[in-house]
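A short worksheet on the structure shown next.
The values are calculated or read from the model by the stated rules, or taken from the named source; none is laboratory data. Note that this is a predicted model, so its numbers are computed, not measured. Reconstructed Cβ throughout: ideal geometry from the backbone, glycine too, with neighbour counts over all protein chains shown.
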Amino acid sequence: MLRWLVLLLPICLILQDQRPLSQTPRLFQSEAVAVVPVRPLIKGSALMRQQLLAGMALDMGQQFPAALPWVGMYEIGKNDLYPLEMLLQYHPILFLQMCLDRYEREVKGYTTRFHKREIVQGKMQDAEKIECHFREQPFSIHMHWLEGSGLAKKALYVEGENNGKLLARPKSPLLALRIWDKDVDGPDAKRSGRYTIAQFGMKQGTERTVAAMQRAEARGALHVRYVGLFQVPELDNRQCYKFVRMPYAPVEEEGVNELILYVDRETWLQSGSILKDAKGNLIAEYWFRDIKLNPTFDEKQFTRDAL
């Protein structure tokens, strides 16, 4: 009992000192549209239950993340109760880890229109729009370029199949009758993007985000803040939690000094991210639009016949 009282005391003090979401400082005010009003503070036994759960989340005696009460924390967050606001503002890494846990439980695959623009080998590439079919088990990705394709019009990778190669239908009409077999991390793949086809997906993107933040936190150099709830035009005006990590100390590979991160309010998926250098110049941006979760795929979707 004494242990819980010690844990709950700082939480109670934090909760008493919180400002509603509408009063928290934000970047880029012009982007904010229809921020959802904050509900009244909960009192009585409901508040005590939330304080207890927050105390569990901050109990450093537990082994993270397996020992945390994820289901209860998710249910509270899903209903927009006050501890979610606390996590967003004070524990963004914990919130992103919860997003990964929810992904593991709920997502088996998806289709999406993936938009990206990035600097590759020192040169800004044309914007790309790609129709993607993705399956988690086995890891499978089928890409069809709608705009801005490089060497390939279509590409396919299935972990453990095709001798570990990616398959690609060339963009050139003169070569389109054949299918290329390419190394996943070979020279052609590295000229096509900052990440290989085997590194595709919202889950791996969030894992990279969390790992980078944890490394920075371990050396006392993590600067990240929750900015607010925004409607994002690049994501079909869906409401997203927005985080900004800046500055990077030291600046990371390719000169990355700022990350703007969007997590979908409804699905908790990392749907958008923007990377910039110290001068505010764009390094890369990635948008997962029109996401459809757990579709039924055609039996040939992840085979050579689909190319």
Legend entry - Hits in region 270-296 - residues which are buried (at least 16 other Cβ atoms within 10 Å of the Cβ), more than 15 Å from the chain's Cα centre (by Cα) and hydrophobic (A, V, I, L, M, F, W, C): 283
Inset, instruction - Using the structure shown, decide if residue 204 is surrounded by 16 or more Cβ atoms within 10 Å (Cβ to Cβ), modelled with pLDDT of 95 or more and not hydrophobic (A, V, I, L, M, F, W, C). - result: no
Legend entry - Long-range neighbours under 8 Å by Cβ, at least six apart or interchain, first residue assigned by TED's automatic domain parsing to the domain that holds residue 124 and at pLDDT below 95 within region 281-307, second exposed (fewer than 14 other Cβ atoms within 10 Å of the Cβ) and not in a strand (DSSP E or B): 306/298; 306/300
Inset, instruction - Under 7 Å between Cβ atoms, at least 6 apart or on separate chains: pull out the pairs that start in region 182-194 with a residue that is at negative phi and surrounded by 13 or more Cβ atoms within 10 Å (Cβ to Cβ) and end on any residue that is in a loop (DSSP other than H, G, I, E, B) and among the hydrophobic types (A, V, I, L, M, F, W, C). - result: 188/151; 192/151
Inset, instruction - May I ask you to list the residues in region 103-129 that are surrounded by 17 or more Cβ atoms within 10 Å (Cβ to Cβ) and assigned to a helix (DSSP H, G or I)? - result: 103
Inset, instruction - Identify all residues within region 171-208 that are outside any loop (DSSP other than H, G, I, E, B) and within 16 Å of the chain's Cα centre (by Cα); write none if there are none. - result: 199, 202, 203, 204, 205, 206, 207, 208
Inset, instruction - Would you tally the residues in region 120-153 being among the β-branched types (Val, Ile, Thr) and at pLDDT 95 or above? - result: 2
Inset, instruction - Would you confirm whether any residue within region 137-156 is among the charged types (D, E, K, R) and part of a loop (DSSP other than H, G, I, E, B)? - result: no
Inset, instruction - Identify all residues within region 237-265 that are within 12 Å of residue 213 (Cα to Cα), under 15 Å from the mean Cα position of the chain (by Cα) and either basic (Lys, Arg) or loosely packed, with under 15 Cβ neighbours inside 10 Å (or both); write none if there are none. - result: 245
Inset, instruction - Read through the list (1) under 24 Å from residue 270 (Cα atoms); (2) in contact with a helix residue (DSSP H, G or I) (Cβ under 7 Å, 6 or more places away or on another chain), then give the number of the only condition that residue 121 fails. - result: (1)
Inset, instruction - Answer yes if at least one residue in region 216-233 is under 16 Å from residue 113 (Cα atoms), surrounded by 17 or more Cβ atoms within 10 Å (Cβ to Cβ) and assigned by TED's automatic domain parsing to the domain that holds residue 133, and no otherwise. - result: yes
Inset, instruction - Those residues that are under 16 Å from residue 139 (Cα atoms) and not hydrophobic (A, V, I, L, M, F, W, C), I need them from region 188-214; list them, please. - result: 195, 196, 199, 201, 203, 204, 205, 207
